[in-house]
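The values are calculated or read from the model by the stated rules, or taken from the named source; none is laboratory data. Predicted model, so just to flag it, every value in this text is computed and none were measured. As a convention, Cβ positions derive from the backbone with ideal geometry for all residues, glycine included, and neighbour counts pool all protein chains shown.
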Amino acid sequence: MANEIMDFLTGNQDTITGALGGLGSYYLSQENIKGAQASGEQARMLSEQAGQQARDYSTFKPYTVTSGLANVGTTAEGGFGVNLSPQQQAFQNQLMGQAQNLFGQVGQDPAAQQAAIYEQIRATQMPEEERQRLAMQENLFASGRGGLQNKLKSGGEVQSFRMHLNCQNEALEVNSSQQTQSQLAWAILEIKR
């Protein structure tokens, strides 16, 4: 039987060589297909990673700028928000209150505003003037000149008259400076309109 196999192989050498070549080609083509599929899968995974990285890098990330005055932070929508420090917030509130007070007076009569300011200033001066008057009376009584009603003949009346003149002069100075300030304020308001 070994001879028969050898005869068969020798007689069909071309057929066997063709069959083996076909099997080898089939095996190699299957291996090439598997290699191509693996390369394609690897390329797909790398593409997904590159796409994810590109998306991550292009996503807007809010950030904040901080200073001693305020914190400015961006939002995810692309806007921004300003958060003042507590000191700056208090200062802003104070200025807003002053501005509201100032512009609340715009429609009022300037003479009435001048009179109100004058009364406020005089109200702060009157207690001191009263203390001075009482101190002067105590000094006059202590020196025996208190209670005299002789017009400008006793030293007490002269001192009282001088004190009264000083108070009147102070009141006139306050009124004059208050009117000047009030006129300047109204002029500034008129310019800003």
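Name the pairs whose Cβ atoms lie under 9 Å apart, with the first residue in the stretch 77-98 and within 30 Å of SER58 (Cβ to Cβ), the second modelled with pLDDT of 80 or more and of a type outside the set (Lys, Arg), and 6 or more positions between them or separate chains?
Listed pairs, sorted by first residue: ASN83/GLN89.
Out of THR75, THR64, which single residue is modelled with pLDDT under 75 and either surrounded by 10 or more Cβ atoms within 10 Å (Cβ to Cβ) or assigned by TED's automatic domain parsing to the domain that holds ASN175 (or both)?
THR64
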